[in-house]
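One structure below.
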Amino acid sequence: MLIDLILEDTRWQDAGLAPLAEAAATAALLHLGLSPSAFEIACLACDDARIATLNTEFRDKPTATNVLSWPETDLAPETPGARPALPEVEVDGFEDAGFLGDIAIAYETCAREAADQGKSFDAHVTHLIVHATLHLLGYDHLRDQDATLMETIEAEILGKMGIANPY
């Protein structure tokens with residue numbers, strides 16, 4: 001399994017986060033030519049209170065957010081709009097997965113955003129897991145050129161999954 005799910009909020013289990021996250025992260029890696037079996041991602045399925053604590057601790061923003069990610073290795077390129085150098089992992093058929101990093105996702109914020117944007121909950125969560133997986137791989141959206149690249153790749157991945165462009 002690509003996703004190691006840590007379930008703090010049982011609403012995520014009822015919402016089917018495990019298969020959604022696995023499909024989204026798998027699609028992102030495959031789109032970039034990476035083998036999902038070579039990697040592992042830890043995903044904390046939490047509530048708004050927990051993610052607000054994490055957002056405060058790691059980003060100095062004392063509010064809830066939809067998703068956070070912490071890459072194991074900084075793969076971000078220096079040049080605006082450049083693609084990150086993708087990780088290389090040797091796999092010999094055993095448990096040699098390369099750890100990409102951690103993701104945390106908050107139930108209430110995701111549900112509220114999906115409703116506010118007129119999207120299905122599943123489509124919104126899939127988008128956020130694709131987005132977070134790309135962050136783990138060095139993609140970002142702080143600079144305009146980087147945002148354009150990241151959003152284009154997200155839309156391509158989601159399109160392959162039958163999900164409309166969120167932008």
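Each value in this text was obtained by applying a stated rule to the coordinates, not by laboratory testing. Model, not experiment: these values are computed from the prediction. When we count neighbours, we look across all protein chains shown, and the Cβ atoms used for this are built from the backbone with ideal geometry, even at glycine.
Got the relative contact order for the chain handy, in percent, Cα pairs under 8 Å and 6 or more residues apart?
26 percent
Hey, quick one: spin label on PHE58, modelled 7 Å out along Cα-Cβ, who in the stretch 120-148 has an amide N within reach, i.e. under 19 Å?
Residues passing the 19 Å test: 125-143.
Can you check what the net charge comes to around PRO84, using other residues whose Cβ is under 12 Å from the Cβ of PRO84 (Lys, Arg +1; Asp, Glu -1)?
Summing Lys/Arg as +1 and Asp/Glu as -1 gives -3.
Based on the Cβ-Cβ distance from MET1 to GLU72, what FRET efficiency comes out when R0 is 22 Å, to the nearest 0.05?
0.80
Calculate the spin-label point distance for ALA82 paired with HIS141, positioning each point 7 Å from the Cα along the beta-carbon direction, and give it in nanometres.
The modelled label-to-label distance comes out at 2.3 nm.
Return LEU75, LEU32 ranked ascending by Cβ neighbour count within 10 Å, so the fewest neighbours appear first.
On the way: LEU75 19, LEU32 16.
Fewest to most other Cβ atoms nearby, the residues stand as LEU32, LEU75.
Would you mind getting me the FRET efficiency between ALA115 and LEU32? Use the beta-carbon distance for r and R0 = 35 Å, nearest 0.05.
About 0.70, to the nearest 0.05.
Which far-off residues, 5 or more places away or on another chain, put their amide H under 5 Å from the one on GLY101, with H placed in the peptide plane?
Under 5 Å from the amide H of GLY101 lie the amide H atoms of ALA42, GLU72, each far enough along the sequence or on another chain.
Cβ under 12 Å from LEU134's Cβ, LEU134 left aside: what net charge do those residues give with Lys, Arg +1 and Asp, Glu -1?
After counting each charged neighbour, the total is -4.
Can you give the % of DSSP beta bridges in the chain that are antiparallel, to the nearest 5?
Details: 5 of 18 bridges.
Taking every DSSP beta bridge with both residues in the chain, the antiparallel ones total about 30 percent.
Amide H of LEU75 versus every other amide H placed in the peptide plane: which residues, excluding those fewer than 5 positions away on the same chain, fall under 5 Å?
GLY138
Near the amide H of LEU5, under 5 Å away, which other amide H atoms are found, from residues 5 or more places off or on another chain, if H is placed in the peptide plane?
The list, which skips near neighbours in sequence, is CYS43.
Taking the chain as a Gaussian network, Cα atoms linked when under 10 Å apart, which of GLY101, GLY138, GLY118 shows the biggest mean-square fluctuation?
GLY118
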